[in-house]
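*Asks:* Dumping the structure here so I can ask a few things about it.
The values are calculated or read from the model by the stated rules, or taken from the named source; none is laboratory data. Not measured: the values here are computed from a predicted model. Cβ coordinates were reconstructed from backbone atoms using ideal geometry, including for glycine residues, and neighbour counts include every protein chain displayed. Please note that ligands, DNA and RNA were not included when accessible areas were found on the heavy atoms of the full protein model with its side chains. Shrake-Rupley method; radii C 1.70, N 1.55, O 1.52, S 1.80 Å.
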Amino acid sequence: MLPPGETILLTLRLAGSIPARAGRELHAQRVVAQQAAGSPEAHRRAEKKFFAGFDALLDARTVGPAYLEKEKLAEMVAGELLMLEEQGLHVPCFVLLPNHLHAVLHLPLGQSVSLYKALELLHQRTATQARRLLRGQLPPEADFWQTGFHELPVLDAAELDRIRQYLLGHPQRLQLPDRFHD
């Protein structure tokens, strides 16, 4: 559960969107770095390094689907993401990319929402709707989203500002069409 007053950077990705071997290697490096971390700051640096490598793999788009390039599907996912606000989570910033999304989620004080339950429902709703929109393009046995998600706690307002700038500039850095910049 996301503690009230907490903010995270969330990443969801489409199933099969990074090479399996590269993903395993990145996770192994993360475990080694976390085990070697002698302080909370070192642990945090390991998490940020993992996020940067993970995001670079996603941005490279060397394998897997890019379903979020489809405008109707991207609009549906964005709408469902914003529906998290009806469950008590604030979504101050997000970016949809061809094979993944990043979102800043904030749980205000006084709220008690299970982040995991909210994201499970988001996964289920968007996958069901995506199957309808992708008729025939997504095999019945295939998953739409990769199981799970990556989260990085946002420590303070300065970090939140850096994350927002990173997210809002992401489509431009990847030279994506204008609609990804909205």
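*Asks:* On the principal axes of its Cα set, how long, how wide and how thick is the range 18-63? Give whole Å, largest value first.
*Replies:* If we take the Cα atoms of the range 18-63, the spans are 36, 16, 6 Å.
*Asks:* Okay, moving on. Treating cross-link reach as a plain straight distance, find the aspartates and glutamates whose alpha-carbon is under 13 Å from the alpha-carbon of Lys48, omitting any fewer than eight places away in the same chain.
*Replies:* List returned: Glu151, Glu159.
*Asks:* Let me ask another. HN-Hα J couplings of the range 51-61 from phi, Karplus 6.51/-1.76/1.60, θ = phi - 60°, integer Hz, Gly and Pro as x?
*Replies:* Each residue of the range 51-61 in turn: 4, 4, x, 4, 5, 5, 4, 5, 5, 5, 6 Hz.
*Asks:* So how far apart, in nm, are the two label points at Ala20 and His90 if each is 7 Å from Cα heading toward Cβ?
*Replies:* 4.2 nm
*Asks:* Given the options Glu75, Glu141, Glu47, state which has the largest fluctuation in a GNM of the chain using a 10 Å cut-off (strictly under) for Cα springs.
*Replies:* Glu141
*Asks:* Still on this structure: List the lysines whose Cα lies under 16 Å from the Cα of Lys72, skipping any in the same chain that are fewer than 8 positions away.
*Replies:* The qualifying lysines are none; the list is empty.
*Asks:* If you count only protein heavy atoms with a 1.4 Å probe, what accessible area per residue comes out for the chain, rounded to a whole Å²?
*Replies:* With the other protein chains kept in place, the chain gives 54 Å² per residue.
*Asks:* Give me the extension gain from Asp143 to Glu75: residue separation times 0.36 nm, minus the current Cα-Cα distance, reported in nm with one decimal.
*Replies:* Fully extending the segment from Asp143 to Glu75 adds 22.5 nm.
*Asks:* While we're here: Between Leu134, Leu105, Leu57, which gets the highest mean-square fluctuation from a Gaussian network model of the chain, Cα cutoff 10 Å?
*Replies:* Evaluated over the chain, the most mobile residue of the options is Leu134.
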